[in-house]
Amino acid sequence: MLIPFILWYVIFQYKPMAGLQIAFKDYSLFKGIAESPWVGFENFIRFFESEYFIRTLTNTALISLYGLVFGFPAPILLALLINEVKNKVFKNTVQTLTYLPHFISVVVITGIITNMLAPTNGLVNILIDKLGGEKTYFLTESEYFRTIFTSMNIWKDVGFNAIIYLAAMAGINPALYEAAKMDGANRWRQMSHVTLPGILPTIIILFLIQIGAFLEVGYEAIILLYQPSTYETADVINTYVYRAGLQGGEYEIGAAAGLFNSIVGLILVVTANKLSKKFTENSLW
């Protein structure tokens, strides 16, 4: 039963790693990978010295930080709230409505956001106009991009991610809640002293996984949302890889930037895992 999954990883995850040598070559599409001459770390130096390096690295880090600070706690809070609801019909309705956006294509999601923020007939601008404010084309204003992108991701994934925490809560021994009630604990204290400690290992594992993908910002949605006027705050490493590698034909620069992204992610997850193992005794390995 494991064979199909092993084959998938070998064919689509491990075999393509051979192409990483493009990052160390003066790659020519006509010569191919094997015949292209080696140039060592020249492509990395070009990437580090380019005018886009600091901008893309800063934007990637800030957008990821927004996701950690605001996006990571959101499903935990939602799961805690849903867990406290006793009405099963209302509980199931809320769960369904919150996790449905996860299954909608990112193209459709960005289309919805674009229409909602449209400068003339967008719902947000209509409300602003009714309240006496001035309509704004938010998607062309660089200072709004990170907030829009983070909010969109929270709305899209909060319900689906909450399922993991709800499953962890279902595994908590009910006797712990009964003991807390006998000791006079109210609902708030039961949540803080029983529920949260019970799902803490799950929270830490998912946090470590997200740390490992700190620089892996979802570039598909960014490409669909950003414009040249918002490059200042929206351009990340993966969008630079897309423009330089696929649109500009500089495959070696794109490969170097992508490899740098992966190495930083590996260092972050190993470091975070060691710290977590040292201070909380919970870790990925």
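Using θ = phi - 60° in the Karplus curve 6.51 cos²θ - 1.76 cosθ + 1.60, the 3J(HN,Hα) couplings for the range 185-199 round to 6, 7, 4, 5, 5, 5, 5, 6, 9, 10, 5, 4, x, x, 9 Hz; x is entered for Gly and Pro. Checking the cross-link pairs LYS91/LYS181; LYS15/LYS278; LYS86/LYS181 against a 28 Å limit on the alpha carbon distance flags LYS15/LYS278 as lying beyond it. According to the calculation over all Cα-Cα pairs in the chain, the P(r) per 10 Å bin from zero is 6, 20, 27, 25, 15, 6, 1, 0 %. In this structure ILE3 has an accessible area near 120 Å², from a 1.4 Å probe over the protein heavy atoms. Could you identify which residue out of LYS15, LYS91, LYS130 has the top mean-square fluctuation in a GNM of the chain using Cα springs shorter than 10 Å? In the Gaussian network model the winner is LYS15. Between LYS31 and PHE53, what's the calculated FRET efficiency when r is the beta-carbon distance and R0 is 41 Å? Round to 0.05. The calculated FRET efficiency here is 0.90. The label-point distance for LEU266 and SER151, in a model that sets each label 7 Å from Cα toward Cβ, rounds to 3.9 nm. Legend: calculated FRET efficiency, PHE207 to ALA179, from the Cβ-Cβ distance at R0 = 25 Å, rounded to 0.05, equals 0.30. Note on exposure: HIS102, HIS193 ranked by accessible area (1.4 Å probe, complete protein assembly) read HIS193, HIS102, with the most exposed listed first.
For LYS25, nonlocal amide neighbours, meaning residues 5 or more places apart or on other chains whose placed amide H falls under 5 Å from its own, are VAL39. Springs between Cα atoms under 10 Å define the GNM used for the chain, and in it the highest mean-square fluctuation of ILE128, ILE237, ILE154 occurs at ILE128. The heavy atoms of THR93 offer some 70 square angstrom of accessible surface to a 1.4 angstrom probe.
Relative to one another, the C-alpha centroids of the range 241-267 and the range 11-32 are positioned 12 Å apart.
Angle of helix 106-116 to the longest C-alpha principal axis of the chain, folded into 0 to 90 degrees and rounded to 10: 70°. Stretching HIS193 away from PHE70 to a fully extended chain increases their span by 42.0 nm, per 0.36 nm per residue minus the current alpha-carbon distance.
Solvent-accessible area of VAL241, all protein chains in place: 40 Å² (probe radius 1.4 Å, heavy atoms, ligands and nucleic acids excluded). Taking a sphere under 14 Å around the Cβ of THR233 and counting the other residues whose Cβ falls inside, with K and R at +1 and D and E at -1, yields a net charge of -2.
Using a cut-off of 17 Å between alpha-carbon atoms, which aspartates and glutamates can reach LYS25, once sequence neighbours fewer than 8 places away in the same chain are excluded? Once the sequence-local aspartates and glutamates are set aside, what remains near LYS25 is GLU35, GLU42, GLU250, GLU252. Using θ = phi - 60° in the Karplus curve 6.51 cos²θ - 1.76 cosθ + 1.60, the 3J(HN,Hα) couplings for the range 235-251 round to 6, 10, 4, 5, 6, 5, 4, 4, 5, 6, x, 8, 7, x, x, 8, 4 Hz; x is entered for Gly and Pro.
Protein-only accessible surface at a 1.4 angstrom probe places the residues PHE12, PHE279 in the order PHE279, PHE12, largest first.
Each of PHE145, PHE30, PHE260 has its accessible area taken with a 1.4 Å probe; listed largest first, they run PHE30, PHE260, PHE145. Result for the chain in a Gaussian network model with C-alpha springs under 10 Å: among PHE72, PHE44, PHE90, the largest mean-square fluctuation is at PHE90. Whole-Hz Karplus values for the range 205-214 come out as 4, 5, 5, 5, 5, 5, 4, x, 9, 4 Hz, taken residue by residue from phi with 6.51 cos²θ - 1.76 cosθ + 1.60 and θ = phi - 60°; glycine and proline positions read x.
The values are calculated or read from the model by the stated rules, or taken from the named source; none is laboratory data. Keep in mind it's a predicted model, so treat the numbers as computed, not measured. A quick note on method: Cβ atoms are made from the backbone with ideal geometry, for glycine too, and the neighbour counts reach across all protein chains shown. SASA here: full protein model, heavy atoms, side chains in, ligands and nucleic acids out. Shrake-Rupley method; radii C 1.70, N 1.55, O 1.52, S 1.80 Å.
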